[in-house]
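The structure's right below; bear with me while I get my questions together.
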Amino acid sequence: MEKRKSDRKKRDESIPEPEPSAAKVDEKDQVNQVVQRVEELNCFFDLRTKRGQILFFTVTILSATLTQCLPKDALSNIFPLKEPRTNNQYDQTVQCKPEVKIVEKVVPEKDESRPKYWIYGRNPGGDHLLHVKNVLQRFGVDQVSNDTEDWDLLWAHDYPFRKVNLYRLKPHQLVNHFPGSGYVTNKVDLSTTEMKYIPKAFKLPSEEDKFRKYAQENPNKRFVQKNNQHRHIQIKKVEEIDFDSNDTFIQEFIDDPLLVAGYKFDIGVYTVITSIDPLRVYIYKGDILFRYCPVEYYPFDPQNLDKYIVGDDYLPTWEVPALKPFYTKQGFGMKESFDAYIRNTGRDPSTIWEQVEDAIRLAILKKESLIAGVLPRYASKRNFFEMMRFDLVVDNNLRVFLMEANMSPNLSSAHFKPNRLLYEQVIYNFLRMVGVGSDLRRESFRKRSTDTEAMVSSLKNIVVDANRCAEAPCLESCAPEECALCVSCLNGGDLRELHAAYREHLNRGDMKRIFPVPKADQRIFEPHSEDLSTKNRWMSRWFDAKCEMDRSYCF
């Protein structure tokens, strides 16, 4: 065996070793070159070398910058770590620059400019206007002194037009009286107006003869002498009357009044005029001011004024025994307490309220043309509105009589604290209706942007009579009166009037429109409708047309 192995080894050694070919040499050189390049590349990224350190920092900065340039949430889409995005989400691109967070310095807000009002009258700082000031402050209207022309509302407790120049008011400025409103509130002029709801009256001294004749024809009637101050009223015999007294009048006394638990009373209805020619009149229906005489009417004594004259110390509703169960215990207002009492006597109080509304609107209609005659002296009739209180009495047959209208009725609860709610609700509701109160933030009453005004009311809110206006004759002419409300027949003044009427209806709250007469009440007022002016017929037709489109206009 060992010999055989030795012979094989000698044979192998005797075979010559082949020479390496050129191809194998080239392949070996290429492998060596690749190995050398890899070793050089590893050295290039070696952080132990300066070159490797520079490259590392460069790559890091470039990576951070590119990451900022990627669309928002791109990395989370590539490497999903959260729930898939919903269809409502969308990508937002950002500018190719690092995000910078800015910390803003908090600066205290400046006081916002707000609408302004000033007061005209004796003692403008007195508490008699406390509730007016309260409501205006809650509306965001600030009081200013009367030495500025930058104001939005003038609240005049006294008639302002004789002493304050209001002829050239700016379009946005408002005054709480109409020029010429004294034609309604002057007690002599109103009481001597021929009207079915006003007791017979005679102006002195000019109508002395008429009065004497009437007194002779009605020997059982009693009379009282009155003046504009509504003071010193007392029943007098004919021989006791001072016929030489100017600015006084003699009026028939209602000697069979309706009594509540034995007490005579009067009714105070807060009334607002928002427009003259065309006329728009509203009353506050949230409650009625009831004032009771402090002494029971019977046995009657003409010398005891507390039996039949309502004075400053009247008996309030909450002190009338028969009304306490409704007012104090159940929480009703003065009107609802009175109505409940009347229903308990077997009578219908709605008979009274229909006459009350009719008396007020007739009285204002009688005087409207006189007020309209004054308004052309002023830049615009739209600068004015009026809130007054009509006082009425009721006889035992439930007939209503209009006694007077107060231009600046008492709005102070200093004497009767519970009246605060009534006064502030009256003020709140009518100021909101005329545009003094607003749900929109504003710096003044000036006209707002076109978009804002259109948001409140636009053309579609005021157009009516679609079918009539799309046919002849309205399609061809504006001459027929029934076509006057078609949009092609409306001028700029008409459009402003209709926008105002629409917004009043929108914001009326507890105010009820009594003129133009709502459709539901026209059966009461129908005999007088033919006496309306052209403008009043136009306004009435618009409300009737709106009633056909929206039932809320019918009431």
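The values are calculated or read from the model by the stated rules, or taken from the named source; none is laboratory data. These figures come from a predicted structure and were not determined experimentally. Heads up, the Cβs are rebuilt from the backbone with ideal geometry, glycines too, and the neighbour counts pull from every protein chain shown. In case anyone asks, the SASA skips ligands and DNA or RNA and just uses the protein heavy atoms, side chains included. Shrake-Rupley method; radii C 1.70, N 1.55, O 1.52, S 1.80 Å.
Run the numbers for Phe56 and Glu208: contour at 0.36 nm per residue of separation, minus the present Cα-Cα distance, in nm.
Numbers: separation 152, 0.36 × 152 = 54.72 nm, distance 11.82 nm.
So the chain would gain 42.9 nm between Phe56 and Glu208.
Kindly provide the trypsin sites (Lys or Arg not before Pro) of segment 162-203 that DSSP labels as loop, not H, G, I, E or B, and whose Cβ sees at most 14 other Cβ atoms within 10 Å. Mind dumping the intermediate values first?
Numbers: sites: Arg162, Lys163, Arg168, Lys187, Lys196, Lys200, Lys203; in loops: Arg162, Lys163, Arg168, Lys196, Lys200.
For trypsin sites (Lys or Arg not before Pro) across segment 162-203 that sit outside H, G, I, E and B with at most 14 neighbouring Cβ atoms in 10 Å, the list reads Arg162, Lys163, Arg168, Lys196.
I'd like the FRET efficiency for His415 and Arg441, computed as 1/(1 + (r/R0)^6) with the beta carbon distance as r and R0 of 35 Å, rounded to 0.05. Walk me through the numbers on the way to the answer.
Working: r = 37 Å, r/R0 = 1.05.
Plugging the Cβ-Cβ distance into 1/(1 + (r/R0)^6) gives 0.40.
On to the next question. Arranged from highest to lowest average of other beta-carbon atoms within 10 Å per residue, in what order do the peptides 509-520, 288-299, 455-466 appear? All intermediate terms of the calculation are to be shown ahead of the outcome.
Details: 509-520: 20.2, 288-299: 18.0, 455-466: 14.8.
Taking the mean over residues of other Cβ atoms within 10 Å, the ranking is 509-520, 288-299, 455-466.
Of Val436, Thr452, Val463, which is farthest along the charge dipole of segment 426-475 in the positive direction, counting Lys and Arg as +1 and Asp and Glu as -1 at C-beta?
Projecting each Cα onto the dipole axis, the largest value belongs to Val436.
May I pose another question? Using a simple charge model, +1 on the beta-carbon of Lys and Arg, -1 on the beta-carbon of Asp and Glu, nothing else, what dipole does segment 497-555 show about its Cα centre, in debye to the nearest 20? It would help to have the intermediate numbers written out before the result.
Details: 11 positive and 10 negative charges, 29 e Å.
The calculated dipole for segment 497-555 is roughly 140 debye.
Give the Debye-formula value of log10 I(q)/I(0) at each listed q (0.12, 0.20 Å⁻¹), with one equal scatterer per alpha carbon of segment 108-166, two decimals each.
Once normalised to I(0) and log-transformed, intensities are -0.31, -0.79.
Please give the FRET efficiency for Ala470 paired with Arg343, using the beta carbon to beta carbon distance and R0 = 41 Å, rounded to the nearest 0.05. Please report the intermediate quantities before stating the final value.
Numbers: r = 49 Å, r/R0 = 1.20.
Efficiency, from the Cβ-Cβ distance: 0.25.
How far, in nm, would the chain grow between Asp395 and Thr148 when pulled straight, counting 0.36 nm per residue and subtracting the alpha carbon separation? Mind dumping the intermediate values first?
Numbers: separation 247, 0.36 × 247 = 88.92 nm, distance 5.01 nm.
Roughly 83.9 nm would be gained on extension.
Per-residue HN-Hα couplings for segment 395-409, Karplus 6.51 cos²θ - 1.76 cosθ + 1.60 at θ = phi - 60°, whole Hz, x for Gly and Pro?
Rounded to whole hertz, the list is 8, 6, 9, 6, 8, 9, 10, 8, 9, 6, 10, 9, 5, 10, x.
With respect to the cross-link table entries Lys200/Lys221; Lys366/Lys535; Lys381/Lys535; Lys307/Lys329; Lys203/Lys236, which display a Cα-Cα separation exceeding 21 Å?
Working: Lys200/Lys221 11 Å; Lys366/Lys535 15 Å; Lys381/Lys535 14 Å; Lys307/Lys329 27 Å; Lys203/Lys236 16 Å.
Correct reply: Lys307/Lys329.
Suppose each label sits 7 Å from its Cα in the direction of the beta carbon; what would the Asn123-Phe253 distance come out to in nanometres?
Calculated label separation equals 3.2 nm.
Where a ≥ b ≥ c are the square roots of the eigenvalues of the C-alpha gyration tensor, would you call segment 199-330 rounded, which needs a/c under 1.5, or, failing that, prolate if a/b is larger than b/c, or oblate? All intermediate terms of the calculation are to be shown ahead of the outcome.
Values: a/c = 2.50, a/b = 1.31, b/c = 1.91.
Oblate shape, in that a/c is at least 1.5 and b/c is the bigger or equal ratio.
Just how large is the dipole of segment 450-546 about the Cα centre, in debye to the nearest 20, putting +1 at every Lys and Arg Cβ and -1 at every Asp and Glu Cβ? Please list the in-between numbers first.
Numbers: 13 positive and 16 negative charges, 65 e Å.
Here the size comes out at about 320 debye.
Working out 0.36 nm times the residue gap between Asp242 and Val295, then minus their Cα-Cα distance, what length gain in nm do you get to one decimal? Walk me through the numbers before you get to the answer.
Working: separation 53, 0.36 × 53 = 19.08 nm, distance 2.78 nm.
Additional length available on full extension: 16.3 nm.
Between segment 481-555 and segment 242-294, what is the C-alpha centre distance in whole Å?
27
Could you pull the accessible area for Met195 with a 1.4 Å probe, rounded to 10 Å²?
Taking all protein chains as shown, Met195 has close to 20 Å².
Here's another thing I want to ask about it. Amide H neighbours of Leu289 under 5 Å, counting only residues 5+ apart in sequence or on other chains, H built in-plane at 1.01 Å?
Under 5 Å from the amide H of Leu289 lie the amide H atoms of Gly268, Tyr270, each far enough along the sequence or on another chain.
Shifting gears a bit: Apply the Karplus parameterisation 6.51 cos²θ - 1.76 cosθ + 1.60, with θ equal to phi minus 60°, to every residue of segment 337-351 and state each ³J(HN,Hα) to the nearest whole Hz, in sequence, with x for glycine and proline.
Those phi angles translate into 5, 5, 4, 4, 5, 5, 5, 5, 8, x, 10, 9, x, 4, 4 Hz.
Now a separate question. Label-point separation (nm) for Arg448 and Asp306, each offset 7 Å from Cα along Cα-to-Cβ?
5.4
May I ask for the distance between the Cα centers of segment 386-429 and segment 437-466, given as a whole number of Å?
32
In nm, give the distance between the simple-model label positions of Lys460 and Lys381, each being 7 Å from the Cα along the Cα-to-Cβ direction.
The answer from the label model is 3.2 nm.
Would you work out the relative contact order for segment 136-252, in percent, from Cα pairs under 8 angstrom that are 6 or more residues apart? Spell out each step's value before the answer.
Details: 117 pairs, mean separation 26.7, N = 117.
Once divided by the residue count of segment 136-252, the mean separation gives 23 percent.
If you place +1 on the Cβ of every Lys and Arg and -1 on the Cβ of every Asp and Glu, how big does the dipole about the Cα centre of segment 309-390 come out, in debye to the nearest 20? Let's see the in-between values first.
Details: 12 positive and 11 negative charges, 71 e Å.
Computed charge dipole of segment 309-390: roughly 340 debye.
From the Cα gyration tensor of segment 137-195, with a ≥ b ≥ c the square roots of its eigenvalues, which class applies: rounded if a/c is under 1.5, or else prolate if a/b is larger than b/c, or else oblate? Don't jump to the answer; show the numbers that get you there.
On the way: a/c = 2.78, a/b = 2.12, b/c = 1.31.
It is prolate, given that a/c is not under 1.5 and a/b is the larger ratio.
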